[in-house]
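Notes follow once the structure below has been shown.
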Amino acid sequence: MEYQVPSLEKIQSAKYLIVLNGKVYTHKGLSLEERFSRETFIRVLKAIEIKRQFPQKELIVLGGASDKESISSYLQNLAYKWGVELKVIEEPKDTLESVKYLKTLFSNSNESFIIFTSAYHIPRTAYIFEKEGLTPIFYPTNYNYKLCKPSFSIWSFIPDDLYINFTNMAVHEYLGLAFYKVKYFLRRFL
């Protein structure tokens, strides 16, 4: 399934820009930019780019992804560095909790909102949103297929960390999607 960047009309129609946070590292000695996983950094930067084009939209980052300390200051400092403000809601710790939080926020509202997440994460995320009765506009980021340059040489037989990482992400997403499909299937009987 391929996800396209939303049209300008869809972007203009949304009131909220919501980033599903990935990993934020709290280790001492890291620079601001080093604190974010590649996925988080690209998701947030893309949302900041749209926020700068449409300053009236509210930018929200969901998810703490750290049990050790608050990460909101790191995200707010990154946004400030790029000239925008954002709100960080740390309570959701995973995709399902984020969707349930948004359901409470938008259940009695017709407000349109954009979800910024990695393209490979959208199938699982879209499934959960659908099951929870929400229909966000998805803004895909991190198109990893652009990094894949298939070729055949002697080097093809040596494992490449890029493809090992892609395999890890794919397994994580497919197992997560299978888990949620079983969960929502069983919910009908309980």
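The values are calculated or read from the model by the stated rules, or taken from the named source; none is laboratory data. Only a predicted model underlies this, so the values are computations on that prediction, with no experimental measurement involved. Neighbour counts run over all protein chains shown; Cβ positions are idealised from the backbone, glycine included.
Yes or no, residue by residue, for (1) modelled with pLDDT of 90 or more; (2) charged (D, E, K, R); (3) surrounded by 11 or more Cβ atoms within 10 Å (Cβ to Cβ):
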site: Ile137; (1), (2), (3): yes, no, yes
site: Pro140; (1), (2), (3): yes, no, yes
site: Ser151; (1), (2), (3): no, no, no
site: Phe166; (1), (2), (3): no, no, yes
site: His172; (1), (2), (3): no, no, yes
site: Leu177; (1), (2), (3): no, no, yes
site: Val182; (1), (2), (3): yes, no, no
site: Leu186; (1), (2), (3): no, no, no
_I need every pair where a residue in segment 171-190 that is farther than 14 Å from Glu132 by Cβ and in a helix (DSSP H, G or I) has its Cβ under 7 Å from the Cβ of a residue that is at pLDDT below 90 and of a type outside the set (Gly, Ala, Ser), sequence separation at least 6 or different chains._
Glu173/Tyr120; Glu173/His121
*Could we say that Glu91 is over 14 Å from the mean Cα position of the chain (by Cα), among the acidic types (Asp, Glu) and over 26 Å from Glu132 (Cα atoms) here?*
no
*Pick out the one residue from Ser37, Ser109 that is among the hydroxyl-bearing types (Ser, Thr, Tyr) and either more than 12 Å from the chain's Cα centre (by Cα) or more than 29 Å from Lys181 (Cβ to Cβ) (or both).*
Ser109
*Within segment 5-25, is there a residue that is among the polar types (S, T, N, Q), in contact (Cβ under 8 Å) with a residue 40 or more places away in the chain and surrounded by fewer than 17 Cβ atoms within 10 Å (Cβ to Cβ)?*
yes
*Of all the residues that make up segment 9-28, how many are in a strand (DSSP E or B) and out of contact with any His (no Cβ under 9 Å at 6 or more places or on another chain)?*
5
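Would you be able to say whether some residue in segment 60-75 is at pLDDT 90 or above, over 16 Å from the mean Cα position of the chain (by Cα) and aliphatic (A, V, I, L, M)?
There is no residue in segment 60-75 that is at pLDDT 90 or above, over 16 Å from the mean Cα position of the chain (by Cα) and aliphatic (A, V, I, L, M).
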*Answer yes or no as to whether Ile89 is hydrophobic (A, V, I, L, M, F, W, C), closer than 26 Å to Val5 by Cα and without any contact (Cβ under 8 Å) to a residue 60 or more places away in the chain.*
yes
_For segment 1-47, which positions are touching a Gly at 6+ places or on another chain (Cβ under 9 Å) and within 26 Å of Asn110 (Cβ to Cβ)?_
Val19, Leu20, Asn21, Arg43
*Which one of these does Gly133 not meet: (1) exposed (fewer than 11 other Cβ atoms within 10 Å of the Cβ); (2) at pLDDT 90 or above; (3) part of a helix (DSSP H, G or I)?*
(3)
